[in-house]
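In what follows, a structure is listed as structure tokens, so that the remarks can point back to it.
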Amino acid sequence: MSEKSKFGAVVILAIVFAIGGLFGVGGTVYYLKQTQENRSDRSTRTTPRDIYRVQVDHMMKRLERSLSLTEEQIPLVRAEVAKFGDAMLEVHESMRPRFLALMEERSLAIERHLNEEQLAAFREEQKKHRDRGKGNRDGKKTGSDEGSAGTKESSQGPSACKQRTCSHSTC
């Protein structure tokens, strides 16, 4: 093979790799822009009622498909799902204060077994977790990927519910 043909082959390979790289980078940028726009659409606060409506729609689609519901049955079944769903949502919301109180009680029970250094670290970790949870509820992701969104905004004291009990590698 002559030097000219080797050089031509290298040039063609370089052009192909450059085009592939440009399309790869361009595609990634386009994808990230699209996902960012979709995330900003969620900036309006989602309420439990909104989530519930979506869940009812999903359940109805599944029931329509799996049970072959007739046109007459669909609104009747939807009404029943909505009626009982509303009742379940009210029970869930009424249980929230009791659940938060139990989490607080658990935190205090844990604190009784910690020394001063551990107690300070425990409370700091609780604060970080609460702050991450606030950011997630506001539509912004903050902090690391560990932990889940906290539920208590007040600074009445530590709350053990916001402490993740396992790491991603063990869960």
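Rule-based calculations on the coordinates, nothing more; no lab input. A quick note: this is a predicted structure, and the numbers were derived from the prediction, not measured. Virtual Cβ from ideal backbone geometry, glycine too; neighbours counted across all protein chains shown.
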If I model a spin label at Leu76 and Ala120 as a point 7 Å from the Cα along the Cα→Cβ vector, what separation in nanometres do I get?
6.8
Based on the Cβ-Cβ distance of Ile110 and Glu90, what FRET efficiency does E = 1/(1 + (r/R0)^6) give at R0 = 41 Å, to the nearest 0.05?
0.85
